[in-house]
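First up is the structure itself, then whatever we jot down about it.
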Amino acid sequence: MDNDNLTEIIIRQVLDKHGEIKDLKEVKARNIFDNRWRINVWTEYNNPELLSAHPSQRIEYSYFIHVDDAGVITKCDPPLGEKYVPAEHTRLV
């Protein structure tokens, strides 16, 4: 199966697991190596600190996944549905 088809299959699984994602902009899936993929779910938001008519964008969810040859997700870190938390927000004070 080519990468374009796998990309569609993987993105569909991510969206099905999440259901509706508020202010969804796009989902990007990139094959890193073998059957290991980086998935980034981008959303839009209004940043009150910016004087702009256009919304800002951010990665709301980010995953490193493994898939089988059919594109079925077999492993995901963090688990699908959990929000991306940058390392500096996980330190104990």
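The values are calculated or read from the model by the stated rules, or taken from the named source; none is laboratory data. Since the structure is predicted, the reported quantities are computational estimates derived from the model, not experimental observations. Cβ atoms come from the backbone with ideal geometry, glycine included; neighbour counts cover every protein chain shown. Just so you know, the surface numbers come from the protein's heavy atoms only, side chains and all, with ligands and any DNA or RNA stripped out. Shrake-Rupley method; radii C 1.70, N 1.55, O 1.52, S 1.80 Å.
Report, ordered by the first and then the second residue, all pairs with beta carbons closer than 7 Å, sequence separation of six or more or different chains, a first member in the range 70-93 that is over 13 Å from residue 39 (Cα atoms), and a second member that is open to solvent by 100 Å² or more (accessible area, probe 1.4 Å) and at pLDDT 65 or above. What qualifies is 71/1. Checking 17, 25 one by one, the residue that is in contact with a Ser or Thr (Cβ under 7 Å, 6 or more places away or on another chain) and either free of Cβ contacts under 8 Å to residues at least 60 places away in the same chain or basic (Lys, Arg) (or both) is 25 and no other.
For the range 33-60, what are the residues that are touching a residue at least 24 places away in the same chain (Cβ under 8 Å) and either open to solvent by 40 Å² or more (accessible area, probe 1.4 Å) or not hydrophobic (A, V, I, L, M, F, W, C) (or both)? If the condition is that a residue be touching a residue at least 24 places away in the same chain (Cβ under 8 Å) and either open to solvent by 40 Å² or more (accessible area, probe 1.4 Å) or not hydrophobic (A, V, I, L, M, F, W, C) (or both), then 35, 36, 38, 55, 57, 59, 60 are the ones that fit. Taken together, 58, 38 contain a single residue that is of a type in the set (Lys, Arg), closer than 22 Å to residue 81 by Cβ and modelled with pLDDT under 95, which is 58. When the residues of the range 79-93 are filtered to those that are open to solvent by 80 Å² or more (accessible area, probe 1.4 Å) and under 11 Å from the mean Cα position of the chain (by Cα), which remaining residue is modelled with the highest pLDDT? By that ranking, first place goes to 82. Within the range 1-11, the set of residues being under 16 Å from residue 74 (Cβ atoms) and open to solvent by 40 Å² or more (accessible area, probe 1.4 Å) comprises 1, 9. Selection of strands (runs of 3 or more DSSP E) fully inside the range 31-78 by the criterion of at least 2 residues being within 15 Å of residue 14 (Cα to Cα) and within 10 Å of the chain's Cα centre (by Cα) returns 36-45, 56-67.
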